[in-house]
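The values are calculated or read from the model by the stated rules, or taken from the named source; none is laboratory data. None of the values given here were measured: they were computed from a predicted structure. Every residue, glycine among them, receives a Cβ derived from its backbone with ideal geometry; neighbour counts consider all protein chains shown. In case anyone asks, the SASA skips ligands and DNA or RNA and just uses the protein heavy atoms, side chains included. Shrake-Rupley method; radii C 1.70, N 1.55, O 1.52, S 1.80 Å.
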Amino acid sequence: MNPTLPRQAAPPDEPSRPPENRGHRIRRRAITLLIIVLLIGVPAGYLVISANQSRQSGRDKEDKYSATGLTEGWPSKVQRRLYQVPVPHPANKVAYYETNNWKTSRLYVQFQTTHAGVDAFFKQMGVDQVDLKKGDITISSRDQEITGWKFSGPGSRGGDYFGLVHRQKNPKPTQDVVVNTANPDYPMVYVVSRAIP
């Protein structure tokens, strides 16, 4: 047999609640609904805004990295060291462009410098200028198309071109170099440095 417990009576000092009227019930439900909307809606709104910003940032990066052609300015020190392209001082008309894929990474660099600058450039690369061949356009037409470089033959209106290929064993990069001497005082140097990851 189960014993039954007696019911407890409400404490005598607590007043009984009056029945809830219609206006109070509507107000209570409205406040509850507002709290639910704030607890769910505000974080959801932040998520939507954050997702849109992230998507836009991704598009901006995609546009930046899918751009073709040269960017005015100096490549970073890391790029110059990695691709072994020692841009000399003084140099102007400096521009570069880097491409990367699973097979080959390339750094395209152009600059105008003095004859002493050209000497310093080849010395730092470990190349002798006597290896330059007149009229040898060593930069491929594919690479010229990517950068917008246009080389005409020797003796043409564009001046004389000299080129060489500096081949090195992996992981060191291989450089294709073309020097334009149309301006006898300030030659223009074009370099494509290829590294295989």
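May I ask you to list pairs of residues, at least six apart or on different chains, whose Cβ atoms are under 7 Å apart, with the first in the range 82-107 being closer than 20 Å to D119 by Cα and the second being of a type in the set (G, A, S) and open to solvent by 30 Å² or more (accessible area, probe 1.4 Å)?
P88/A120
Among the residues of the range 129-139, is there at least one that is touching a Leu at 6+ places or on another chain (Cβ under 9 Å), more than 12 Å from F162 (Cβ to Cβ), at pLDDT 90 or above and crowded, with 19+ Cβ neighbours inside 10 Å?
From the range 129-139, those touching a Leu at 6+ places or on another chain (Cβ under 9 Å) are 129, 131-133, 136, 138; that's our starting set.
Restricting the remaining residues to those that are more than 12 Å from F162 (Cβ to Cβ) gives none.
No, that holds for no residue.
Hey, does the range 55-72 have a residue that's at pLDDT below 85, part of a loop (DSSP other than H, G, I, E, B) and aliphatic (A, V, I, L, M)?
yes
Of all the strands (runs of 3 or more DSSP E) wholly in the range 109-197, which have at least 1 residues that are in contact (Cβ under 8 Å) with a residue 60 or more places away in the chain?
174-180, 188-195
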